[in-house]
Amino acid sequence: MTGTSNRPRVRDDLAMMEGYHSPQVTVPVRLNTNESPYPPPAAFAEQLAAAVATVEWHRYPDRAATELRTGIAKLHGVDPGQVFAANGSNEVLQTVLLAYAGAGRTVATFEPTYALHAHIARLTGATVAEGDRNDDFTLDLAEVERVIATADPSVVFLCSPNNPTGLVEPRDLVVAVAERCRAEGRLLVVDEAYGQFAPWSAQELLDAPGGDELPLVVTRTYSKTWSMAATRLGYAVAPRWIIEELEKVVLPYHLDVLKQLAGTLALDHLADMEARVAAIVEERGRIIAALAELPVDVWPSGANFVLFRPHSGDGHGTWQRLLNQGVLVRNCASWPRLDGCLRITIGTRDEDDAFLAALREALA
Ligand SMILES: *Cc1c(COP(=O)(O)O)cnc(C)c1O
């Protein structure tokens, strides 16, 4: 046999899929992936180096990641049995979807939102039912109810603040969706990758009376607010009976010892993290105010990024002209429902000034 005709074929449902793309371009000002512009404090790196020196490399890591989960649980005022940690919140989402979605089941998303919710759902073999946001990117409860009634999803995704729009879901909406999911035996996942930038957290619902029976998973990550994208660490807070199911699905020893140490030691620097978040929120206000003076539409943001659209409609050209000046932003211009839009991650004051100067030039 010659040629490629005899190569094993991937699953039929994967054959037409494309991978997740986020270009990594080396330019002076990178404001495209919502990383923190600041590293964690020097003391953290020193503590971590000292801890690494004592690692028993011939042993498997603590499979239950006890210290890490205890630290995270303390941070959120919950029990360690309500915390599930994994390699980035993406692996948390994958584990949730392996447990509660998969072949023969449906997952609901409300577009535009974080592309990986639908992507990972499809990788598990699930069908995705896409609901629509309004033109201003707000989400109506009626639309959520319509999708639930017509698609019968096992898992419903919300993202608050929503990536890439920046909008925070109102508490009333999340409460109503959670109640509906409880009544009908569906799982609600609220992705709070940007939770610390937002005025409220769905974790409040888990803390409220009856919260331990709410089918609600709230996901967080170290990648953004904790300035630790390099580590690949995220977690979920949920009722214990959900965490137990996730533990059945995830691979044994999936969290290596370095990651467990890094995640635990980072929590000693909570005040630094909160100061970085406060600085970014202030910068966000400055950027939104500056964008409001330019010929672009700009959306309110409860996250560390801002979505905007040049009035010219030329998102691609604007993106390229920014790149030509050494400023990389996220090009959402050809994403469904985001025609012409660009997303800028809040950087340092200097990076943001460079972006604003480049944008004025790009729009001129
Ligand atoms: C960045 C981001 C994540 C982060 O994923 P990690 O795997 O933890 O880096 C998750 N959800 C949303 C909405 C994000 O924007």
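The values are calculated or read from the model by the stated rules, or taken from the named source; none is laboratory data. The structure presented is a predicted model; accordingly, all values stated were derived computationally and were not measured. No Cβ is skipped: glycine too gets one built from the backbone with ideal geometry, and neighbour counts run over all protein chains shown. The accessibility values were calculated without ligands, DNA or RNA, using every heavy atom of the protein model including side chains. Shrake-Rupley method; radii C 1.70, N 1.55, O 1.52, S 1.80 Å.
Rg and Dmax of the stretch 314-364, based on Cα coordinates, read 10.7, 32 Å.
Each other residue within a Cβ distance under 11 Å of Thr33 adds +1 if Lys or Arg and -1 if Asp or Glu, for a net charge of +3.
Within the listed set Tyr100, Tyr38, Tyr253, the Gaussian network model of the chain (springs between alpha-carbon atoms below 10 Å) gives the highest mean-square fluctuation for Tyr253. Each other residue within a Cβ distance under 9 Å of Gly234 adds +1 if Lys or Arg and -1 if Asp or Glu, for a net charge of +1. Between the stretch 146-164 and the stretch 300-337, the alpha-carbon centres lie 26 Å apart. With helices as the sole contributors, the chain gives -12000 deg cm²/dmol at 222 nm; each DSSP H run of n ≥ 4 counts as -39500 (n - 2.57), and the sum is divided by every residue. As a rough guide to protection, the peptides 22-29, 42-49 ranked by mean Cβ packing within 10 Å, highest first, stand as 42-49, 22-29.
Please compute the net charge surrounding Ile344, taking Lys and Arg as +1 and Asp and Glu as -1 over other residues with Cβ under 13 Å from its Cβ. Within the 13 Å Cβ shell, the charges total +1.
Carbon and sulfur: what percent of the stretch 14-138's accessible surface (1.4 Å probe)? Within the stretch 14-138, the accessible surface is 52 percent carbon and sulfur.
Shown here for the stretch 11-82: trypsin sites (Lys or Arg not before Pro) in loop regions (DSSP other than H, G, I, E, B) with at most 13 other Cβ atoms within 10 Å, namely Arg11, Arg59, Arg63. A 1.4 Å probe run over the chain, with the rest of the protein chains in place, finds 46 Å² accessible per residue. For the stretch 104-182, the set of chymotrypsin sites (Phe, Trp or Tyr not before Pro) satisfying both a DSSP loop assignment and a count of at most 13 other C-beta atoms within 10 Å is empty. Here is the size of the chain from its Cα atoms: Rg then Dmax, 21.1, 66 Å. Helices from the chain with mean Kyte-Doolittle at least 0.5 and a Cα length along the axis of 24 Å or more, per DSSP H: which? TM-like helix candidates: 270-292.
Here is the list for the stretch 258-364: GluC sites (Glu not before Pro) lying in DSSP coil, each with at most 14 other C-beta atoms within 10 angstrom of its C-beta, are Glu293.
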